[in-house]
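To start, the structure itself, in structure tokens.
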Amino acid sequence: MRIFHTNDSQHLLNRNVQGLGIAGLLFLLVLSFSPVLFTSFVIGFELLGHRQPNLSQLRDIFLVAGGIYMLLFFAKGFMLYCKARHYLVWLPVFLCCVAYTCVPPGIFVFYMLSHLMPPIVAACIAVIFGYLVYRQYHFLSDTNAGIATPFYRLGINLADLLYRAIEKKKGRVE
């Protein structure tokens, strides 16, 4: 049986390293939601006319970010229904969603790392990070965040309504 003796300095170092790890994970989480947060920040400043930072501005930014997040799940529901019905309209919606959510964080990681390492390594890490962000949203699987379920279902219902209207116009009603 091994017995480890640590002093106060070692314990303090271990806690600080653990805190840095948690801060790093939080940074990666915020970076993965950065397109939504940045867009809501721009809307808050430019369209809503907020110029001085205050709590109402922060509230508005988070409300707009939540709305954009719900819009992404609306598009996901629409896209998955169209994909299941073999309508190619799902592909541009998919590409727009991926380009909006995955490409900007990957570009940010690339520019952040390109000064520290060779560009090819930075590009590989940026692509891996973009893939990790993509895996967070699961655009091609029938899963959703619990809070976004009504908007996800609304996207499915709208796609179904459009599908039935198109099929009725063609004379092929199911």
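What ranking of Asp160, Asp60 emerges when the number of other C-beta atoms within 10 Å of each C-beta is taken as an exposure proxy, fewest first?
So the ranking, lowest neighbour count to highest, is Asp160, Asp60.
Just one of (1) -0.43, -0.90, -1.28; (2) -0.40, -0.99, -1.27; (3) -0.29, -0.87, -1.41 is log10 I(q)/I(0) by the Debye sum over Cα atoms at q = 0.08, 0.15, 0.20 Å⁻¹ as worked out from the coordinates here. Which one is it?
(2)
Please order Met79, Met112, Met70 by the number of other Cβ within 10 Å, starting at the fewest.
Ranked by crowding around the Cβ, least crowded first: Met112, Met70, Met79.
Which is farthest toward the positive dipole end of the chain among Leu63, Leu26, Ala75, measuring Cα position about the Cα centre, with Cβ charges +1 (Lys, Arg) and -1 (Asp, Glu)?
The residue sitting most towards the positive pole is Ala75.
Please give me, ordered by residue number, the trypsin sites (Lys or Arg not before Pro) of segment 40-148 that lie in loop per DSSP and have at most 12 other Cβ atoms within 10 Å.
When the trypsin sites (Lys or Arg not before Pro) of segment 40-148 are filtered for loop state and at most 12 Cβ neighbours within 10 Å, Arg51 remain.
Cβ neighbours within 10 Å, averaged per peptide: list 163-169, 136-142 in order, most packed at the top.
Order by mean packing, descending: 136-142, 163-169.
Would you mind telling me which residue in Pro105, Pro35, Pro150 has the biggest mean-square fluctuation in a Gaussian network model of the chain, where springs connect alpha carbons within a distance under 10 angstrom?
Judging by the Gaussian network model, the answer is Pro150.
Divide by every residue of the chain the summed helix terms, -39500 (n - 2.57) for each DSSP H run of at least 4, and state the resulting mean residue ellipticity at 222 nm, rounded to the nearest 500 deg cm²/dmol.
Rounded to the nearest 500, it is -25000 deg cm²/dmol.
Rounding to the nearest 10 and keeping the result within 0 to 90°, find how far the Cα-based axis of helix 90-101 lies from the longest principal axis of the chain.
With rounding to tens, the tilt is 30 degrees.
All of the numbers you see were taken from the coordinates with simple rules; none came from a lab. The structure displayed is predicted, hence computed values, not measured ones. Using ideal geometry, Cβ is built from the backbone for each residue, glycine included, and neighbour counts are taken over all protein chains shown.
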